[in-house]
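*Asks:* Below is a structure I'd like to ask you about.
The values are calculated or read from the model by the stated rules, or taken from the named source; none is laboratory data. Predicted model only: the values in this text are computed from it and were never measured. Note that each Cβ is placed from the backbone with ideal geometry, even for glycine, and that neighbours are counted across all protein chains shown. These accessible areas exclude ligands, DNA and RNA; they are computed on the full protein's heavy atoms, side chains included. Shrake-Rupley method; radii C 1.70, N 1.55, O 1.52, S 1.80 Å.
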Amino acid sequence: MWLLNPDKSGQQPLITVIKNNIKKVLKNINRALEKTGNTSSVKLVAVTKTVPADRIKEALDCGITDIGENRIQEAERKFEELSLAQSIKKHLIGHLQTNKVKKAVEMFDVIQSVDSIYLAEEINKRAGQINKIQECLVEIKVSEEETKYGLHPDKLPDFLEKAKELENIKIIGLMVMAPFFEDPEQTRPYFRRAYGYYSSLVTRHSLSYLSMGMTNDYEVAVEEGSNMVRIGTGIFK
Ligand SMILES: *Cc1c(COP(=O)(O)O)cnc(C)c1O
């Protein structure tokens, strides 16, 4: 259905561009994975913020199963327009304000940006009200940048113990953003540190995902143990 021919102007239709971009990303992920000697797989979350619904649909036609949005209102509008299949997992990747938790819990399969026990408690309360077990990732901060959101890694063990007592939340992993560098190689120490935290907690807390890597740095992230990457520009540019 998406195997369209180039149009008369010689320009490739967008669907072909998206398809080729996805192919390239998957190939790069596999190459990075091979370097690690790791046999596990990496989940690709297509970040669809600022991308209109018709182009999201094209990505879904290419086999994308997980999409990430960072703003509730924009996501709400597009999800309505798309009437997504149940099998498509919707991830909230942007900062979540307390007053939007109710909406977020109604709309998203995974909330990746939980960075305080207070927010976790609020999510738990709202999820309880609709009899849902809300899957969440804890966003941790691995750089000293003042502006970045995220839980300080020192607080992570305590956070995870407390979150266990919240019946309507399931913490399934960690999410990390490295600072932006022109040269992605410079993100490596941040991702390595994040993997250190992840591996020290993975068994005790039954974690499944380490979400790290964006368009600029996902290959390094996968080499350092990421098993979930969030790619926007690299797919929709
Ligand atoms: C926008 C965004 C991404 C994707 O960024 P790209 O550079 O476009 O791949 C990933 N994660 C988060 C949290 C984002 O806000």
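*Asks:* Could you please let me know if ILE171 is under 26 Å from VAL42 (Cβ atoms) and touching a Cys at 6+ places or on another chain (Cβ under 6 Å)?
*Replies:* Yes; evaluated as a whole, the condition is true for this residue.
*Asks:* Further question: List, please: which pairs have Cβ atoms under 7 Å, are six or more places apart or on different chains, and start with a residue in the stretch 213-232 that is over 20 Å from HIS91 (Cα atoms) and end with one that is open to solvent by less than 10 Å² (accessible area, probe 1.4 Å) and hydrophobic (A, V, I, L, M, F, W, C)?
*Replies:* GLU219/ALA32; VAL220/PHE191; GLU223/ALA32; GLU224/PHE191; GLY225/LEU210
*Asks:* Then there is this: Select the strands (runs of 3 or more DSSP E) contained entirely in the stretch 85-203, then report the ones holding at least 2 residues which are open to solvent by 30 Å² or more (accessible area, probe 1.4 Å), modelled with pLDDT of 95 or more and within 16 Å of the ligand (Cβ to nearest atom).
*Replies:* Counting at least 2 such residues, we get 89-92.
*Asks:* Something else about it: VAL229 - would you say it is more than 12 Å from the ligand (Cβ to nearest atom), under 14 Å from the mean Cα position of the chain (by Cα) and either in a loop (DSSP other than H, G, I, E, B) or not aromatic (Phe, Trp, Tyr) (or both)?
*Replies:* Considered against the rule, which asks whether it is more than 12 Å from the ligand (Cβ to nearest atom), under 14 Å from the mean Cα position of the chain (by Cα) and either in a loop (DSSP other than H, G, I, E, B) or not aromatic (Phe, Trp, Tyr) (or both), VAL229 comes out as no.
*Asks:* Write out, first by first residue and then by second, each pair whose Cβ atoms fall under 6 Å of each other, whose residues are 6+ apart or on separate chains, and whose first residue, in the stretch 64-81, is open to solvent by 30 Å² or more (accessible area, probe 1.4 Å) while the second is at pLDDT 95 or above and within 14 Å of the ligand (Cβ to nearest atom).
*Replies:* What qualifies is ASN70/LYS49; ASN70/ILE93; ASN70/GLY94; ARG71/GLY94.
*Asks:* Go over the candidates VAL47, VAL17, VAL51 one by one and state the one that is within 16 Å of the ligand (Cβ to nearest atom) and at pLDDT below 95.
*Replies:* VAL17
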